[in-house]
Amino acid sequence: MKICFLLSTFAYDGIKRSVVHCANAMHDLGHEVWVGVLHDWPGKVSLRDDLRIPAARVASWDGLGQGRRELAIWNFFRRERFDVVHTNTRKMNHVGRWVALAAGVPAVFASEDNLCLNRSCLTRTEDRFLAARSSGVIMISEAVKRSFLEVERLPEEKLSVVYYGLPLERFAKARRGEAFLRDFRARLAVPEGPTVVVAARLDPMKSLDTLLEAARLVRARMPNAQFVLAGDGPEDAKLRALRDENKLSGAFHFLGARADVEDVLQLGDVVALCSAWEGIGLSLVEGMALGRPVVGTNVAGINEVVEEGRNGTLVPPKEPAAFAAALVRLLDDAPLRARLAEGGREVAAEKFDAQKNAKRLLALYETARHG
């Protein structure tokens, strides 16, 4: 099958990492996979480097103004005659679905990367119009599906849920020994001590001010506790100021965007995410795959990743005291962490294996092609 995934950029975030994992999995299964992006990514960490498909199958329309880029994508679709175009991310959903419809691509899948919050009436009308004319809409969680049914009122028969997938074999091979992690910690200037790692975009939806307040509360009970935050985004300056206000400069470490997030996550005794809302929370899945227990907020999406008492703990959003209490409980109980880590590996294998989920998508693609 000839498949094209569309993204806005190769920025290093959850939805885009998942698309790259899926593209690689379908390539490994013998399909002809292409990836197209609206804009090249100028950041120091680009997911383009993680793609295993031939470089000639990566298309970019960077620098083209509105109108010219749509024409270029239309010509691309008409020339390559894909069996399936699978659009991802809000901007590319808007552009890619219209162009695919105009080009007569036989199957278009729009994968929404978050709950449909704060959408205009015009956007909702567009979603309904395009969903009815597409071959299907892939949702990344049951929560996102419910949201689009209730708010956008998309046709239910068009919607399918396929979770993000991770290359679990690669993650198993990426597990590091104690000697490596000690040296890595020293290179990052993160002192020894019970450690919480968060990998997230520094964005209001991630509610990272909750994390900073929780860190202050944890440190009051565990003075040697360390917090590591990997990611970049618009709230960087604000969060650094909060760190200084809370007198956490020696214990709360900003690493910025990292290409080695798999190593960073393994510095943690616990991997956490405190989002106010979320699509799924891929960094928690990555932590589970690497053998770490997880703490997440009990919001739609994350509560499909974290199974209370099996692989981690759920706490209410925007409640730093509850978040801190959950972290202290796990940091202080090594046997509990080990039990939850084992449960996390099981949940990752059951729900989030890239090969299995790629096959689920391929089955939907086949239905679309012949439907």
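Computed from the coordinates by the stated procedures, all read-outs in this text should not be read as laboratory data. All figures in this text were calculated on a predicted structure; none of them were measured in a lab. Note that we place each Cβ from the backbone using ideal geometry, even for glycine, and neighbour counts take in every protein chain shown.
Debye-formula intensities of the chain, expressed as log10 I(q)/I(0) at q = 0.07, 0.08, 0.09, 0.11 Å⁻¹, are -0.31, -0.40, -0.51, -0.75 (one equal scatterer per alpha-carbon, no solvent). Gain on full extension, evaluated as 0.36 nm per residue between Arg68 and Thr123 minus their Cα-Cα distance, stands at 17.6 nm. Axis of helix 68-80 versus longest Cα principal axis of the chain: the two differ by about 70°, to the nearest ten degrees. Computed across segment 177-320, the Kirkwood radius stands at 15.0 Å (inverse of mean 1/r, all Cα pairs). In the chain, the calculated helix contribution to ellipticity at 222 nm averages -13500 deg cm²/dmol per residue, counting -39,500 (n - 2.57) for every DSSP H run with n ≥ 4. Pairs exceeding 22 Å between alpha-carbon atoms, taken from Lys91/Lys238; Lys2/Lys356; Lys318/Lys351; Lys44/Lys318; Lys2/Lys351: Lys91/Lys238; Lys318/Lys351; Lys44/Lys318; Lys2/Lys351.
For segment 3-60, trypsin sites (Lys or Arg not before Pro) meeting the loop criterion (DSSP other than H, G, I, E, B) and having at most 15 other Cβ atoms within 10 Å: Lys44, Arg52. Packing order of peptides 175-183, 297-305, 128-136, 74-82, highest average first: 297-305, 128-136, 74-82, 175-183 (average count of other Cβ atoms within 10 Å over each peptide's residues). Within the listed set Glu319, Glu350, Glu70, the residue fluctuating most in the Gaussian network model of the chain (springs between alpha-carbon atoms under 10 angstrom) is Glu350.
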